[in-house]
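**Q** Sharing a structure here in structure tokens format.
Read-outs: derived from the displayed coordinates by stated rules, not from any lab. Model, not experiment: these values are computed from the prediction. Cβ sites come from the backbone with ideal geometry, for glycine too, and all protein chains shown count toward neighbours.
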Amino acid sequence: MITLTSQAVSLRAGVPVLLGPDQGAVSREGTMAHSILKQHSSAAAPGSLRVRFDALISHDITYVGIIQTARASGLERFPVPYALTNCHNSLCAVGGTINEDDHAFGLSAAKKYGGVYVPANMAVIHQYAREALAKCGGMILGSDSHTRYGALGCMGVGEGGPELVKQLLSNTYDIAEPEVILVYLEGEVPHGVGPHDAALALCGAVYKNGFVKNKVLEFAGPGVANLPVDFRMALDVMTTETACLSSIWVTDERTKGFYARHGRPEAYAPLAPAEGACYDGMVRINLSKLKPMIALPYHPSNAFTIEDFKANAADILADAGWIGDKWDGKNLHMDQGVIAGCAGGLYQSIAEAAAILKDKHVGGFPLSVYPASLPLNVALAERGHLSTLMRAGALIKPCFCGPCFGAGDVPMHMGLSARHTTRNFPNREGSKPGEGQLAAVALMDARSIAATALNGGVLTPASEIDYVRDWDDESAFDGGIYQKNVYCGIDSPQPDAPLRLGPNITDWPEFKPMAEDMLIGLASSLNDAVTTTDELIPSGETSSYRSNPVRLSEFALSRRDPGYVGRSKDIRDGKADAAQVAALLGADLNKTTVGSGIWANCPGDGSAREQAASCQRVLGGVANIAAEYATRRYRANLINWGIVPFIAPPQGLQVGDWVYVPGVRAKLEAGETEFAAKLVRGGEVSDITLTLPGISEKERSLLLIGCLINSYAAQAGKR
């Protein structure tokens, strides 16, 4: 089904050819990825990129903080199209007027600075970008990790908010030139198989081994032509779960038709690798061999074919805790089904779910369907698919991302939910283990979710259901819906327009520059193999406080280490024993940055949300120590907020330890990457070594001045 090749590969006459070790370094000039990146980069040095994006996009749990940060740094207008969508905080019934205050702020900012405002529940963030912003050969930066538009010939990158702030202030996205991996598609997709089946198979093949981490996936091969655009987009958005940096696909007549239907024919351009294009490796997918899949809790890469799972369920679930109780020896029983968002809420997936349930009924099994945009909703309604689903007992809900992060259709206690959404991380579905509520999500394709609903919740692959497959691209797109309802102020800022600031929208506290030395109090020790951003700052009920840095910080690590907030505050506020430690070491606290830190094996997998770092900073965080960082974007978020991302081998660091780094500022200024440090535990002192590999000059300057806000404010003469 999927084979991996770590050897360099060249595409010749459309066929991949392995290159021998005598070929030397791989030249990526013929790849689509290399061409697009270079066209957007102003870097002169080989191997480096300084990228300016064509457009930016954020949703309503990120855009307030981004604009507030940019304001504090001297923002005058949006230099590129910036779309503000309202699909994350739009249905949370908590916090009084907080959510709608954020939306009012977003509209006022779009008017003042010249942006785009998409009203609540009009479209989920990535569907709006597909329908209105993407263009062949373009690049879009989003403050959401699933910013992926490669299937439309547009490279999408998801990063934390500070990276968007840099673009808003006409600065660049600076990275080393990434490796490019060929994803070679061949064959045709069998009956009952959908894009999530392909996506879960891909995640299972490449995530745990890091095969594509921080690389660009380039999709080509004869199998692409056999896939409708909806299938491509739904598979493409899930490439985020492989830990890759971005993606790009060849374009063809189907792509051209998509842009024509959406009233933007000028956005289409033919894209294909050049003859002889070279890649750093290859993922080869035989679409004909794909089967319906299930990804068990708690990661999309924990994937099995449903056939293999049912044959080996007893062994697979042996260590699965209460989830194993859902297996009765013959069947796995689901308690809920959800088809939603940027991965599941697309026209074709919903239409095929309707075909499976046509003239049938789910018999009380809870099934919710969230179409991804209002124009898409209209197309589904006009074709009769929504009425088919409603007659079958499904509930049709607004354009909303909530089920993907725990703000919609939260399962019952001990409930197992089958979802065509992007993630099934621990507690991401909204459960609160600290309060005794447990739930979990298994990822499946919309087609198999419909088949499972038809079978009363018993896990059933869609390949076992006889139905007519809707294999056409979506119907006509009604662009008038956006024209009448979306505010578009691109190139028309109104500098005198007031910003609407609700009582929960607050400015950032002041962060001090780095002192000569650093004393780090360990406020949490996380020894799981991977720590997700959902654990660092939970999603769901915290969303209403995303515009208030201080209130939001109270939720940091609340589902993973509830004592962290108090310990970090004590260190920040001088209530811990920093003075005694300093006396033991002979350190001068007047010349020392004192703050908290976290030890973790591999933190930062998952969402791009900057709050996983900024909340630590608000609580007094000054450094993290890790064996490695799960994603580039989390490490970048730490640096942008002035938190030093130290690396050290696992050595049993624990809560209550202190790590003293003498001369840290001078060493950073000198470009050193190795730091001799002292570990203090129980009055005993020992030597340890911390490193900062791959730190750039710009990153060093941000750490020295204290954070990105300080850097830009200094440039503007404000601090």
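**Q** Determine the relative contact order of the chain: mean sequence separation of Cα pairs under 8 Å and six or more apart, normalised by residue count, in whole percent. Let's see the in-between values first.
**A** Working: 1777 pairs, mean separation 107.7, N = 719.
This gives 15 percent for the chain.
**Q** Taking other Cβ within 10 Å of each residue's Cβ, how do VAL116, VAL237, VAL550 sort, fewest first?
**A** Numbers: VAL116 24, VAL237 28, VAL550 13.
Ascending number of Cβ neighbours within 10 Å: VAL550, VAL116, VAL237.
**Q** Order of ASP478, ASP230, ASP534 from fewest to most other C-beta atoms within 10 Å?
**A** Numbers: ASP478 17, ASP230 27, ASP534 23.
The most exposed by this proxy come first: ASP478, ASP534, ASP230.
**Q** Listing CYS244, CYS401, CYS602 from the residue with the fewest other Cβ atoms within 10 Å to the one with the most, what is the order?
**A** Details: CYS244 23, CYS401 31, CYS602 18.
In increasing order of surrounding Cβ atoms, one gets CYS602, CYS244, CYS401.
**Q** If you don't mind, another one. DSSP loop trypsin sites (Lys or Arg not before Pro) in region 530-619 with at most 11 other Cβ atoms within 10 Å of their Cβ, which ones? Show your work: numbers first, answer last.
**A** Numbers: sites: ARG546, ARG551, ARG559, ARG560, ARG567, LYS569, ARG572, LYS575, LYS591, ARG609, ARG617; in loops: ARG546, ARG559, ARG560, LYS575, ARG609.
Of the trypsin sites (Lys or Arg not before Pro), the ones in loops of region 530-619 whose Cβ has at most 11 other Cβ atoms within 10 Å are LYS575.
**Q** Can you give the direction-averaged projected area of the convex hull of the alpha-carbon atoms in region 517-715, in nm²? The partial results should precede the final answer.
**A** Working: hull surface 41.9 nm².
For region 517-715, the mean projected area of the Cα convex hull comes to 10.5 nm².
**Q** A follow-up question, please. State the Cα centre-to-centre distance between region 358-433 and region 209-236 in whole Å.
**A** 25
**Q** Let me ask you something else. Just subtract the alpha-carbon distance of GLN715 and ASP328 from 0.36 nm times their residue separation and send over the number in nm, one decimal.
**A** Details: separation 387, 0.36 × 387 = 139.32 nm, distance 6.44 nm.
Once the chain is fully extended between GLN715 and ASP328, it gains 132.9 nm.
**Q** Same structure, new question: Antiparallel DSSP bridges in region 296-468: what percent, to the nearest 5? Walk me through the numbers before you get to the answer.
**A** On the way: 2 of 17 bridges.
In region 296-468, approximately 10 percent of DSSP beta bridges are antiparallel ones.
**Q** With Cβ to Cβ distances under 11 Å as the rule, what net charge do the other residues near GLY263 carry (K, R +1; D, E -1)? Mind dumping the intermediate values first?
**A** Working: positive: ARG261, ARG264; negative: GLU131, GLU266, ASP478.
Value of the local net charge: -1.
**Q** Next question, about the same structure. How large is the helix-only mean residue ellipticity at 222 nm for the chain, computed as the sum of -39500 (n - 2.57) over DSSP H runs with n ≥ 4, divided by its residue count, in deg cm²/dmol to the nearest 500?
**A** Numbers: 24 runs with 203 residues, N = 719.
So the helix-based figure for the chain works out to -8000 deg cm²/dmol.
**Q** Give me the distance between the Cα centres of region 60-92 and region 114-181, rounded to whole Å.
**A** A separation of 13 Å, based on Cα centres.
**Q** Of all DSSP beta bridges in region 2-289, what percent run antiparallel (nearest 5)?
**A** 35
**Q** Explain nothing, just the number: dipole magnitude of the chain about its Cα centre with +1 on each Lys and Arg Cβ and -1 on each Asp and Glu Cβ, in debye rounded to the nearest 20.
**A** Working: 63 positive and 75 negative charges, 200 e Å.
It works out to roughly 960 debye.
**Q** For region 459-550, build the charge dipole from Cβ charges (+1 Lys, Arg; -1 Asp, Glu) around the Cα centre, then report which of PRO461, PHE477, LEU526 sits farthest towards its positive end.
**A** Result: LEU526.
**Q** Give me, ordered by chain and number, the residues 5 or more places off TYR487 or on other chains with an amide H under 5 Å from its own placed amide H.
**A** So TYR487 has HN proximity to TYR117.
**Q** Related question: HN-Hα J couplings of region 400-407 from phi, Karplus 6.51/-1.76/1.60, θ = phi - 60°, integer Hz, Gly and Pro as x?
**A** With coefficients 6.51, -1.76 and 1.60, one gets 7, 8, x, x, 7, 9, x, 10 Hz.
**Q** Straight distance only, please: which aspartates and glutamates reach the Cα of LYS112 with their own Cα at less than 12 Å, same-chain residues fewer than 8 apart left out?
**A** LYS112 reaches GLU76, ASP491, ASP496.
**Q** A further question follows. Over region 517-715, what relative contact order in percent results from Cα pairs under 8 Å that are six or more residues apart?
**A** Details: 397 pairs, mean separation 48.7, N = 199.
Rounded, it is 24 percent for region 517-715.
**Q** Dipole of region 201-346 (Lys/Arg Cβ +1, Asp/Glu Cβ -1, origin at the Cα centre): which of THR251, TYR207, MET282 lies farthest to the positive side?
**A** THR251
**Q** How far apart, in nm, are two points set 7 Å out from the Cα along the Cα-to-Cβ line at ALA320 and at ASN527?
**A** Taking the simple label geometry, ALA320 and ASN527 are separated by 2.8 nm.
**Q** Send over the semi-axes of region 261-361's equivalent ellipsoid, whole angstrom and largest first, taken as the square roots of 5 times the C-alpha gyration tensor eigenvalues. List each step's numbers first, then the result.
**A** On the way: eigenvalues 250, 110, 33 Å².
Semi-axes from the Cα gyration tensor: 35, 23, 13 Å.
**Q** Then there's this: Report the gain in length on full extension from GLN7 to LYS38: 0.36 nm times residue separation, minus Cα-Cα distance, nm rounded to one decimal. Spell out each step's value before the answer.
**A** Working: separation 31, 0.36 × 31 = 11.16 nm, distance 2.42 nm.
Extra length available between GLN7 and LYS38 comes to 8.7 nm.
**Q** Using a ≥ b ≥ c from the Cα gyration tensor of region 371-507 (square roots of the eigenvalues), is it rounded, prolate or oblate, where a/c under 1.5 gives rounded and otherwise the larger of a/b and b/c decides, a/b for prolate?
**A** Numbers: a/c = 3.00, a/b = 1.26, b/c = 2.37.
Taking the square roots of the gyration eigenvalues as a ≥ b ≥ c, region 371-507 is oblate.
**Q** Only bridges whose two residues both fall in the chain count here: according to DSSP, what percent of them are antiparallel, nearest 5?
**A** Numbers: 41 of 103 bridges.
Around 40 percent of the beta bridges assigned by DSSP in the chain are antiparallel ones.
**Q** Summing +1 for each Lys or Arg and -1 for each Asp or Glu, what net charge is found among the other residues whose Cβ lies under 11 Å from the Cβ of ALA450? It would help to have the intermediate numbers written out before the result.
**A** Numbers: positive: LYS358, LYS360, ARG447; negative: GLU352, ASP445.
The answer is +1.
**Q** Tell me, what is the percent relative contact order of region 296-468, built from C-alpha pairs under 8 Å that lie six or more residues apart? Let's see the in-between values first.
**A** Details: 362 pairs, mean separation 51.5, N = 173.
Value for region 296-468: 30 percent.
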